[in-house]
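What follows draws every value from the coordinates through simple rules; no lab data is involved. Fair warning: this is a prediction, and the values are worked out from it, not measured in the lab. Note that we place each Cβ from the backbone using ideal geometry, even for glycine, and neighbour counts take in every protein chain shown.
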Amino acid sequence: MILRRTRLRGPARLETARLVLRPPVPGDAAALSGAIGNYDVARWLGQVPYPYGPEDADRFIAGAGARTWMIERDGRLIGGVSAEDELGYWLSRDVWGQGLATEACDAAVDAFFTQTRRDSLPSAHIVGNDRSARVLVKQGFRHAGEQRADARALSQVMATRLMTLTRAEWLARRRYALRTPRLTLRELRDGDLPALIRIAGQDAVARMLFNITVPWPEADARRWLNAWRYRGRLGFRAAICRRGRMIGTIGIARLPGRSTVTCMYFLDPSHWGHGYAKEALVHFLYDTMARFHVQTLWADHFDDNPASGAVLRHAGFMPHHPDTGTSAARPGEHPVTVYRLNRADLRPLAP
């Protein structure tokens, strides 16, 4: 994939839930040549030569534009992404299959559309590169034709599938809105961070969740927020708002290490006992199970949180099996009940 570069002003650094995207520097040449020099990586990158040496990396670094980033995880360079005139990306072979390319491209695509007035962002992948195709489809790219292009690493001309993401599609994939009789559900926003910290960082809430501490540091909360933004696909949380004020969150995702789809939620204790969680859950599941074609959904709660069980049963969930779980807000393992919901059993919406 050719990464065209133009000198443009833009942010020097982007952060996602797991990654840091930063400009390339001369000291990256050794890591770049080592990673791109892997044939499994180079063969899909169009104009990248193979072997790929330090001199090639030096030339790339010297020509990099303001929307070309190195991808780091835990301080280690693991890939690159560019959104100058088109989207291009690569990852080290040893980190494939972890959703990192999608995460990096989310940030790069956002930077492109917020920094330019362009109506669309093109990209392309060599036919047969199914991994790259899946990343683009997750972003909302659509097929825009085919052409034949030189693949230097393969020393041959290859069929290339052209893809395009429109600004309208990008915007649609960054906004979520759902109204219930008393509530509004919407995408998480940067301005929600103080409310998130205040609500989830309370002991009464955090001890019923799995990975939130008391107190909840701002840096951790920001990573959490970035991880759960709406991107037009499974794996997001919505803010639950009452009269314009955020009072909790609700989400649906296929969690790491699980093939099943799970829902989750929490509410500010000052709003407990009014039926808001029940109302939000039923309406949210009607929307998202249809939107993402989910037929079976799972959820769980600590057994010392019976109110959450009542919310799940109200929506149509049935207890499935006992388990144990841990919470970052309290020591030890604790009993958990796992619930299952078939879409046909979802509680009807009130007329």
Under a Gaussian network model of the chain whose springs join Cα atoms within less than 10 Å, the largest fluctuation of Phe236, Phe302, Phe292 belongs to Phe292
Computed on Cα atoms, the radius of gyration and Dmax of the chain in angstrom are 22.4, 68
At R0 = 35 Å the Cβ-Cβ FRET efficiency linking Ala227 and Ser155, nearest 0.05, sits at 0.30
In whole angstrom, the spacing between the Cα centers of segment 126-179 and segment 191-222 equals 36
The answer for chymotrypsin sites (Phe, Trp or Tyr not before Pro) in segment 161-211 that fall in a DSSP coil and have at most 16 neighbouring Cβ atoms within 10 Å is Phe210
Everything considered on the Cα gyration tensor (a ≥ b ≥ c; rounded for a/c under 1.5, else prolate if a/b is larger than b/c, else oblate), segment 175-345 must be described as rounded
So for R0 = 22 Å, FRET eff. of Ala350-Leu234 from the Cβ-Cβ r, to 0.05, ends up at 0.25
With N residues in segment 249-313, Rg(alpha-carbon) / (2.2 N^0.38 Å) equals 1.14
Summing -39500 (n - 2.57) over every DSSP H run of at least 4 in the chain, dividing by its residue total and rounding to the nearest 500, the 222 nm mean residue ellipticity is -8500 deg cm²/dmol
Quick calc: nm separation of the 7 Å Cα→Cβ label points for Asp220 and Glu55 -> 5.0
Cα-based Rg/(2.2 N^0.38 Å) for segment 161-261, rounded to two decimals, is 1.19
The FRET efficiency for Thr260 and Asp190, from their Cβ-Cβ distance with R0 = 22 Å and rounded to 0.05, is 0.10
Hydrodynamic calc, segment 14-171: Kirkwood Rh from Cα pairs, then Stokes-Einstein at 4 °C with viscosity 1.567 mPa s, so D in µm² s⁻¹ is 82
Out of Arg174, Arg142, Arg76, a Gaussian network model of the chain with alpha-carbon springs under 10 Å gives the largest mean-square fluctuation to Arg76
